[in-house]
1. Kindly evaluate A244 against the criterion of being farther than 19 Å from G637 by Cβ, in contact with a Pro (Cβ under 8 Å, 6 or more places away or on another chain) and not basic (K, R).
2. Considering each residue of the range 492-505, count those that are farther than 15 Å from R563 by Cβ and touching a Lys or Arg at 6+ places or on another chain (Cβ under 8 Å), and give that number.
3. As an exercise: evaluate P151 against (1) surrounded by fewer than 24 Cβ atoms within 10 Å (Cβ to Cβ); (2) touching a Cys at 6+ places or on another chain (Cβ under 6 Å) and give the number of the one condition it does not meet.
4. Restricting the search to the range 489-506, which residues are outside any loop (DSSP other than H, G, I, E, B), of a type outside the set (G, A, S) and either closer than 12 Å to A559 by Cα or without any contact (Cβ under 8 Å) to a residue 40 or more places away in the chain (or both)?
5. Being in contact (Cβ under 8 Å) with a residue 60 or more places away in the chain and surrounded by fewer than 24 Cβ atoms within 10 Å (Cβ to Cβ): is that true of K101 here?
6. Report the residue count in the range 199-235 for those that are surrounded by fewer than 20 Cβ atoms within 10 Å (Cβ to Cβ) and touching a residue at least 40 places away in the same chain (Cβ under 8 Å).
7. Mind checking which residues of the range 427-436 are outside any loop (DSSP other than H, G, I, E, B) and either open to solvent by 30 Å² or more (accessible area, probe 1.4 Å) or of a type in the set (F, W, Y) (or both)?
Amino acid sequence: MSAVPETPAAPSRPTVTEREARQVAEAAREQDWRKPSFAKELFLGRFRLDLIHPHPLPADEDVRRGEEFLSRLRDFCETKVDGALIEREARIPDEVINGLKELGALGMKIDTKYGGLGLTQVYYNKALALVGSASPAIGALLSAHQSIGVPQPLKIFGTREQKETFLPRCARTDISAFLLTEPDVGSDPARLATTAVPDGDDYVLDGVKLWTTNGVVADLLVVMARVPRSEGHRGGITAFVVEADSEGVTVENRNAFMGLRGLENGVTRFHRVRVPASHRIGEEGQGLKIALTTLNTGRLSLPAMCVGAGKWCLKIAREWSAEREQWGKPVALHEAVGSKIAFIAATTFALEAVVDLSSQMADENRNDIRIEAALAKLYGSEMAWLMADELVQIRGGRGFETADSLRARGERAVPAEQMLRDLRINRIFEGSTEIMHLLIAREAVDAHLSVAGDLIDPDKTLGDKARAGASAGAFYARWLPKLVAGPGQLPGTYGEFKHGIDLSPHLRYVERTSRKLARSTFYAMSRWQGRMETKQGFLGRIVDIGAELFAMSAACVRAELLRGRGDHGREAYQLADAFCRQARLRVEELFGRLWNNTDDLDRKVVKNVLGGSYTWLEDGVIDPSGEGPWIADATPGPPARDNVRRPIR
């Protein structure tokens, strides 16, 4: 073993330009579309209903095993999980985590040959919705462990030896965590500062990671670190499996948050931590690609728990609004409250439709669902937050009051305010809403960027641009005429969705609107060309329209599935109809804001805010913030704090 390299005396954070940062992110993208994608086609103005209808279904054996586990998990949650206790003590009891281990909940997605349960994505998500309703903190622990922790990247990119070594541990005993974010690095991984320096048969890790969900109790870590380029090493951001009890690994802080009070999230420091090269996942430089590919299906766990939240919000809204009277009748019968309940009911139905459809497509592996999963995460997190907010409003003062306070004065302890706090992080977790808008928009306009290519690249020659212009002209000559007319303009199209209640007009609307969405994207590309990527307000609205259209499609297809099975079919059609009518209003508003907005003026105001022009507006208040830097020092080196790691045994 050769000598350990000296730890750098100062942070080696890369200095990168905006263009370089974009190039790093672009290189990590999956470049090819080898399978069809319903959502990608939707953004291109092609409504491929055949890709999702008839609704795909799980195999009978998968259903049997999934339902059997859900039954055991429900019994465990009802008898062993005290969500109020976890909220009060800000910690999941060790006996609860050990009980989940014994139940096999750590290995829901791990293949049975490695000791896991081998559940499908559909039933994994149903399990997360169930356990997350009992305690969102437990849902977050299980999701982080399996969706982005060690099991998922090893399933896709791991070697046979790595799978045989780590997956049996992850299935039954060991908790895993995913470490990418740093104190000064969030959604811009090009600036990643944690290093992994090759040293013989090992790598030596140095750096600090922030917001390490499960990091306080984890046994195994997936760590993203930058390998310097050197002879025999291509370098780049690389993924490693690291033993959490390795010498030099220190959990320096257990973070506390607005919600998810039982979350074991910390700050982890690596100081001269030796990691065998055999623990590297994939090749050097593949770290970001591994992370993004892992999230293609991993993102579905979060909207699954949002579905569970919607179901609970609906239950409480129904029970409370029937009991509480105002001006001589139940508050639910007052239109101002009733519209909120209708929104919760219809949206919960649509969210479940989106998650189940996307999950089943993931299980079948016939379609590329990278956009569908991202839309599910974006839409689920935003709509669940709105539903919880509406529930608090429906409950009035009791919605703002804590469950403990309600219990203390003799009323039902309904944790509505906790639900609102717990759900808030979902708009930030695993890609904030703003980042998701940009990520989805990049995929949605991929066809345009591919054909435009050199035409909008400022570094290309006039000759390159001329050739690109000819290629783009040929593409648009074939594509644009198809956006003029389609089956959505024919009254009888999608007639199989008419059974008492007629959902076919909604599907025709989706078909017409998808073409309108594609035309709008083309107009924007023509107008802004290479500057399109800076028009984040416009791109966000494009994505939000696509999300609504996807949800409408999923809701109609699910309603028809339930009708065909004789499973609350009429009620499902009612909910799908209500949701589609609500969604259409939102879509029309978004279209209006594509070209009529305050984006340009907002940019001017922002420049003035940052330039100090409005500091006078801040007069008259006291800032209660404490002292200290905005971003903590993350200089590599030995730990300055005690290790607060708390393994569960």
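1. Criteria met by A244.
2. Total meeting the criteria: 1.
3. (1)
4. Of everything in the range 489-506, those that are outside any loop (DSSP other than H, G, I, E, B), of a type outside the set (G, A, S) and either closer than 12 Å to A559 by Cα or without any contact (Cβ under 8 Å) to a residue 40 or more places away in the chain (or both) turn out to be Q489, E496, F497, K498, H499, I501, D502, P505.
5. So K101 fits the description; yes.
6. 7
7. R427, E434, I435, listed by residue number.
This table checks each residue for (1) open to solvent by 30 Å² or more (accessible area, probe 1.4 Å); (2) farther than 30 Å from E247 by Cα; (3) at pLDDT 95 or above.
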| position | (1), (2), (3) |
| --- | --- |
| A9 | yes, no, no |
| R13 | yes, no, no |
| E30 | yes, yes, no |
| K80 | yes, yes, yes |
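The values are calculated or read from the model by the stated rules, or taken from the named source; none is laboratory data. Computed from a predicted structure; not experimentally measured. Don't worry about glycine lacking a Cβ; one is built from the backbone with ideal geometry, like all the others, and counts go over all protein chains shown. With ligands, DNA and RNA removed, areas are computed over all heavy atoms of the protein, side chains included. Shrake-Rupley method; radii C 1.70, N 1.55, O 1.52, S 1.80 Å.
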